[in-house]
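**Q** Input: one structure, supplied below.
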Amino acid sequence: MPTSSSPYFQHDADIGIIGRGTTLEQAFEAAAQAVFAIVTDLALVQPSSTLTLEFEETDPELALVTWLNLLLGKAREQGMVFSRFHVQHHGSQWRADAVGEKWRDGLERGVEVKGATLTMLSVKQTGAMWEARCIVDV
């Protein structure tokens with residue numbers, strides 16, 4: 001059962017992910033880590049390749065879904081898994097680095113995440129913390 005500090009929340013069919021941080025960008029980075037932690041043990045992923053992604057989106061909630069789906073698409077396309085993320089944005093312009101490696105022996109494949117959805121989508125600031133959450137289709 002998830003705890004209050006867990007990066008997941010309960011959902012009947014899929015998995016709800018939560019990213020938290022002191023900035024919006026940190027919350028997006030934590031959400032990406034939560035997604036890829038479903039896929040494999042992030043501690044075993046070697047930081048051997050960096051992929052840079054850019055996109056445009058004015059709405060922070062839609063930006064979260066766009067960000068996660070771009071990551072998942074690039075991971076599938078290039079046969080990679082990512083474990084570290086750095087997100088920046090200025091207005092509607094988003095730029096992010098994803099660090100990881102190609103799939104290899106020794107990386108156990110967990111659950112395949114097909115994509116981030118609009119279900120239970122929320123990006124908000126509460127006090128000093130940002131929280132980004134959505135359901136991912138597994």
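**Q** Is at least one residue of segment 66-86 in a strand (DSSP E or B) and either aliphatic (A, V, I, L, M) or in contact with a Lys or Arg (Cβ under 8 Å, 6 or more places away or on another chain) (or both)?
**A** Yes, because at least one residue in segment 66-86 is in a strand (DSSP E or B) and either aliphatic (A, V, I, L, M) or in contact with a Lys or Arg (Cβ under 8 Å, 6 or more places away or on another chain) (or both).
**Q** Among the numbered conditions (1) touching a helix residue (DSSP H, G or I) at 6+ places or on another chain (Cβ under 6 Å); (2) more than 14 Å from ALA75 (Cβ to Cβ), tell me where GLU29 comes up short.
**A** Unmet condition: (1).
**Q** Determine whether SER122 is surrounded by fewer than 16 Cβ atoms within 10 Å (Cβ to Cβ), small (Gly, Ala, Ser) and at negative phi.
**A** Judged against the criteria, SER122 is a match.
**Q** Which of the residues that make up segment 102-138 are out of contact with any strand residue (DSSP E or B) (no Cβ under 7 Å at 6 or more places or on another chain) and within 27 Å of PRO47 (Cα to Cα)?
**A** Matches in segment 102-138: ARG104, ASP105, GLY106, GLU108, ARG109, GLY110, VAL111, GLU112.
**Q** Right, something else. On the given criteria, is VAL45 farther than 18 Å from TRP130 by Cα and buried (at least 18 other Cβ atoms within 10 Å of the Cβ)?
**A** Yes; evaluated as a whole, the condition is true for this residue.
**Q** Considering only segment 24-34, state which residues are in contact with a strand residue (DSSP E or B) (Cβ under 6 Å, 6 or more places away or on another chain) and either closer than 17 Å to THR126 by Cβ or among the β-branched types (Val, Ile, Thr) (or both).
**A** LEU24, GLU25, ALA27, PHE28, ALA30, ALA31
**Q** Of everything in segment 33-53, what is under 15 Å from the mean Cα position of the chain (by Cα) and in a strand (DSSP E or B)? Give them in sequence order.
**A** The answer is LEU51, THR52, LEU53.
**Q** Testing GLU61 on (1) part of a helix (DSSP H, G or I); (2) under 11 Å from the mean Cα position of the chain (by Cα); (3) within 12 Å of PHE28 (Cα to Cα), one condition comes back false. Which one is that?
**A** (2)
**Q** Of everything in segment 85-108 that's without any contact (Cβ under 8 Å) to a residue 40 or more places away in the chain and more than 15 Å from ALA63 (Cβ to Cβ), which residue is surrounded by the fewest Cβ atoms within 10 Å (Cβ to Cβ)?
**A** For segment 85-108, the residue satisfying everything is ASP105.
**Q** Under the condition of being out of contact with any helix residue (DSSP H, G or I) (no Cβ under 8 Å at 6 or more places or on another chain) and among the polar types (S, T, N, Q), which residue from segment 119-138 is farthest from ALA27 (Cα to Cα)?
**A** Filtering first and then ranking leaves THR119.
**Q** Buried (at least 16 other Cβ atoms within 10 Å of the Cβ) and either touching a residue at least 12 places away in the same chain (Cβ under 8 Å) or more than 14 Å from the chain's Cα centre (by Cα) (or both): is that true of VAL111 in this structure?
**A** no
**Q** Looking only at residues in segment 120-138 that are assigned to a loop (DSSP other than H, G, I, E, B) and out of contact with any Cys (no Cβ under 7 Å at 6 or more places or on another chain), which one is nearest to PHE82 (Cα to Cα)?
**A** Once the filter is applied, the top-ranked residue is VAL138.
None of the figures in this text is laboratory data; all of them are computed from the coordinates on show. A quick note: this is a predicted structure, and the numbers were derived from the prediction, not measured. Every residue, glycine as well, gets a Cβ built from its backbone with ideal geometry; the counts of neighbours run over all protein chains shown.
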